[in-house]
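Throughout, read-outs are computed from the coordinates displayed, never taken from laboratory work. Owing to the predicted nature of the structure, the values given are computational and were not obtained by experimental measurement. Positions of Cβ are backbone-derived with ideal geometry, glycine not excepted, and every protein chain shown enters the neighbour counts.
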């Protein structure tokens, strides 16, 4: 296929950019332009707080948004609250607030210590019923919220006795905590005060400094490149990579800790900040290898916000693509964007940064983001929704494996990129995430085919049976590229393989999967002559692959008699190694083996009791 006229005019610049990027070069040519002073227009759903504002005014704004968002799980509202450098709240009047759905809380300092909140930033159990006798208060659906780049001096003044000493962060998937420091008190990843402790299904922390931390009822969690004073409790699958103070894992599975001294590949998420002159900039940390501990001022590049096209819902994709082709980066302000043709990211080192869980919805079977076979691209803070007409793929990195240019020192990176197939509406896709390029880093993603949603989501009288036919997603993540690393890979409910990894030398640090709830019959859940599809599949030709800390869960709610032969399926070769893996039954269905016919069945005689394998293949 020939180049379009626009691409012909920029082909020379692209060739130069490829050469620079492969060597790990800095920003695009446009990045040298001076930034304009003053606050940019980030849209109606971004609020910038200044420390001179009265605490009561800030409190009222945050409380009102939380009240609107606490139950707005499938809504379209999106919010970002940005705090300029300074101190918010006092010992006598602390700033204490909760974070609801689709809400981002972030500091605008160059370092987390530049924005200090005396108070709390919290998430509690969500009560799904108005019946006081059975309020059904849980954290299992506390999805889609973000906190980053600030310091919280925990202050529970005025709260009841149960809550005074801890900052509660009772969250589940698609919730990110980055570049955050907590001082005083404890951090609790469960809410033990609202109707007692309840399960949660999170979660992710990176580049943060934590006090004594209670994991509590969290089923799985990844903490990487952080410092923690202490960590207590574990349920099924807690993974630590490059965390100073992390617990020892030598007694696995009692408790089920998995601890890596360093993170194999990492790149911290880009963040917006205000410099000493009041100019808005975006800091883009560099990729690093084999690191541990926090890194708040490491190597990277700074891009003036003036070098970004600031998009708002309703902007045409054509306009966005022209800006990207001319060397601009892309900032997606909060909201829902209908995407009828691909946002094409084809210049190396391009940054696409979303605020407030900016959401791209596929229209007419589009692929909302298509990344070329180039190095150094960063996609961060973006949610991608399938539309009602089937898409081939929702986000594609690289057109075809083996034809592009990549760089081990400058990997294309996906940070806090989330996918939904259904939930707010019926969705359809063949593949959610497809990675064809080499040297790609996936740093926290939740790839979700919806198991629940708005009223009418099932589209019929037969409930889950109808959803199996209408809300279709065959594959969650398909990894064809070589030397791809995933830190925090959460993939759930797809109708064939949730994850299939065909590339060589892949590494996953924490994998979490729930098999689909809704196959109507065993015949609907067959892979040829094999009963079901493994939750994690490594391709038969792969010679080298490593997984640290993986879990596959079964809850065949629609038909509890359904079997899945293996939770994990990998080639039997010495270079493919799985460390600390498990399957577990959530009360319906059966996984017959953990991996390749090894391990006991996760059946209804072991509800909530994991079947662990410490290492596969077993050590000689």
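I want to check the label-to-label distance for residue 452 and residue 47. Put each point 7 Å from Cα in the C-beta direction and report it in nm to one decimal.
Taking the two extended label points, one gets 2.8 nm.
What is the ratio of the Cα radius of gyration of segment 389-525 to 2.2 N^0.38 Å, with N the residue count, to two decimals?
Here the Cα radius of gyration is 1.09 times the empirical estimate.
Normalised radius of gyration for segment 265-340, please: alpha carbon Rg relative to 2.2 N^0.38 Å, two decimal places.
1.33
Using only Cα atoms, what Kirkwood radius does segment 207-251 have, in angstroms?
Evaluated over segment 207-251, this radius sits at 10.6 Å.
Output needed: percent of Cα pairs per 10 Å distance bin for segment 148-284, bins running from 0 to the one holding the longest distance.
In whole percents, the pair-distance histogram is 12, 39, 33, 13, 3, 0.
For n ≥ 4 DSSP H runs only, could you compute -39500 (n - 2.57) per run for the chain, divide by its residues and tell me the 222 nm figure to the nearest 500?
Result for the chain, helices only: -2500 deg cm²/dmol.
Using mean Cβ contacts within 10 Å as the protection proxy, how do 285-294, 141-150, 437-446 order, highest first?
Ranked from most to least packed, the peptides come out as 437-446, 141-150, 285-294.
How many percent of all Cα-Cα pairs in segment 167-211 sit more than 12 Å apart?
Above the 12 Å cut-off, segment 167-211 has 63 percent of its Cα pairs.
Tell me the label-point distance for the pair residue 587, residue 392, using the 7 Å Cα-to-Cβ offset, in nm and rounded to one decimal.
In this crude label model, residue 587 to residue 392 measures out at 4.2 nm.
Just the number: Rg to Rh for segment 46-263, Cα atoms, Kirkwood Rh, two decimals.
Ratio of gyration radius to Kirkwood radius for segment 46-263: 0.96.
If each Cα of segment 335-461 is one equal point scatterer, what is log10 of I(q)/I(0) from the Debye formula at q = 0.14, 0.23 Å⁻¹?
Taking Cα atoms of segment 335-461 as identical point scatterers yields -0.57, -1.36.
Relative to the present Cα-Cα distance, how much length would full extension add between residue 531 and residue 598 at 0.36 nm per residue of separation?
Once the chain is fully extended between residue 531 and residue 598, it gains 22.6 nm.
What order do you get for 322-329, 380-387 when each peptide is scored by the mean count of other beta carbon atoms within 10 Å, highest first?
380-387, 322-329
Would you kindly state how much longer the chain becomes between residue 262 and residue 111 on full extension, computed as 0.36 nm times their sequence separation minus their alpha carbon distance, in nm to one decimal?
52.1 nm
Obtain the nm distance between the two label points defined at residue 39 and residue 577 by a simple spin-label model: each point lies 7 Å from its Cα along the Cα-to-C-beta direction.
5.3 nm
In whole percent, what relative contact order does segment 207-365 give with Cα contacts below 8 Å and a gap of six or more residues?
Reported as a whole number, the value is 14 percent.
With an 8 Å cut-off on Cα pairs and a minimum separation of 6 or more residues, tell me the relative contact order of the chain in percent.
8 percent
Given the alpha-carbon gyration tensor of segment 327-406, what are the semi-axes of its equivalent ellipsoid in whole angstrom, ordered largest first, with each equal to the square root of 5 times an eigenvalue?
21, 17, 8
Once you have the Kirkwood Rh of segment 362-616 from its Cα pairs, apply Stokes-Einstein at 25 °C and 0.890 mPa s and quote D in µm²/s.
Diffusion coefficient, whole number: 135 µm²/s.
Any chance you could run the full-extension gain for residue 248 through residue 400? It's 0.36 nm times the residue separation minus the Cα-Cα distance, nm to one decimal.
This chain segment gains 50.6 nm when fully extended.
In percent, what relative contact order does segment 368-486 have, based on Cα pairs under 8 Å that are 6 or more apart in sequence?
29 percent
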